[in-house]
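For reference, the structure is listed below as structure tokens.
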Amino acid sequence: MICKKCGKEINDGIDVCPECGTNVNGMPNQPNSVQVSEKPKKKHKSLIIIGYVFALLLAIIIVIAIFGDDESDKIGSSDTKISSISESEEFFKETFGDTEENVIKTLAVSKIQEYPGVKSDEKVFDVEILANDGNYNYIIGASTEYSSGMDKWWRVLIKLDPKTGKMTSYVKTNNYRPDEERVGRDEWVSKFQNDSEYGWGKENHIE
């Protein structure tokens, strides 16, 4: 057999010319064909695996970011709240020998019963702490009865100084005295909280 490209004589049974490397049977060179087809497949599989790994890592990071932050926030806010409650409860236990709620309600009732025209043993009902600013300032709502049987409302601002244990208070009702401003019960809550003279939201230093 003669190579068509270089004219070299080739023995029978040989597919590739030993002189120039031409495939004398006209078939594609098999080793080259295998190499060309295999490399893209391996590269394609590698890219798919890398993509899966990257997606998995990204999903893990997102889950940790979302749920991890939520848990830390919950724990932080819970610890802060517990600390705040413990501090105020400790003050009331040491100073007054009772819980914060019981002490504040009792003080408000006593201030209402000291109000001019109110009997010292007059029943005070619906006593409720309406607001607490975290600085030992409290707004309390309560009711008593007129002799006619109608309800009389009360709004009391109690201010405590935790350093000295001293107290000051403001009592407002719809049983107006001549020198009092005629303001509604809900309006008094707003005035106690917003008028600077009452010091809402600020630490008390009562002399």
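Remarks
- A residue that is open to solvent by less than 40 Å² (accessible area, probe 1.4 Å) and touching a residue at least 60 places away in the same chain (Cβ under 8 Å) can be found somewhere in the range 155-168.
- Residue in the range 131-154 that is nearest to Tyr198 (Cα to Cα), counting only those that are of a type in the set (A, V, I, L, M, F, W, C) and buried (at least 20 other Cβ atoms within 10 Å of the Cβ): Ile139
- Members of the range 109-125 found to be without any contact (Cβ under 8 Å) to a residue 24 or more places away in the chain and either assigned to a loop (DSSP other than H, G, I, E, B) or touching a Lys or Arg at 6+ places or on another chain (Cβ under 7 Å) (or both), listed by number: Lys119, Ser120, Asp121, Glu122, Lys123
- Subset of the range 78-108 that is at pLDDT 85 or above and aliphatic (A, V, I, L, M) - its residue that is most open to solvent (accessible area, probe 1.4 Å): Leu107
- Sole residue being part of a strand (DSSP E or B) and out of contact with any His (no Cβ under 7 Å at 6 or more places or on another chain), chosen from Glu101, Glu94, Glu128, Glu89: Glu128
The values are calculated or read from the model by the stated rules, or taken from the named source; none is laboratory data. Note that the structure is a prediction, hence the values are computed from the model and not measured. So basically every Cβ, Gly included, is an ideal-geometry build from the backbone, and we count neighbours across all protein chains shown. Please note that ligands, DNA and RNA were not included when accessible areas were found on the heavy atoms of the full protein model with its side chains. Shrake-Rupley method; radii C 1.70, N 1.55, O 1.52, S 1.80 Å.
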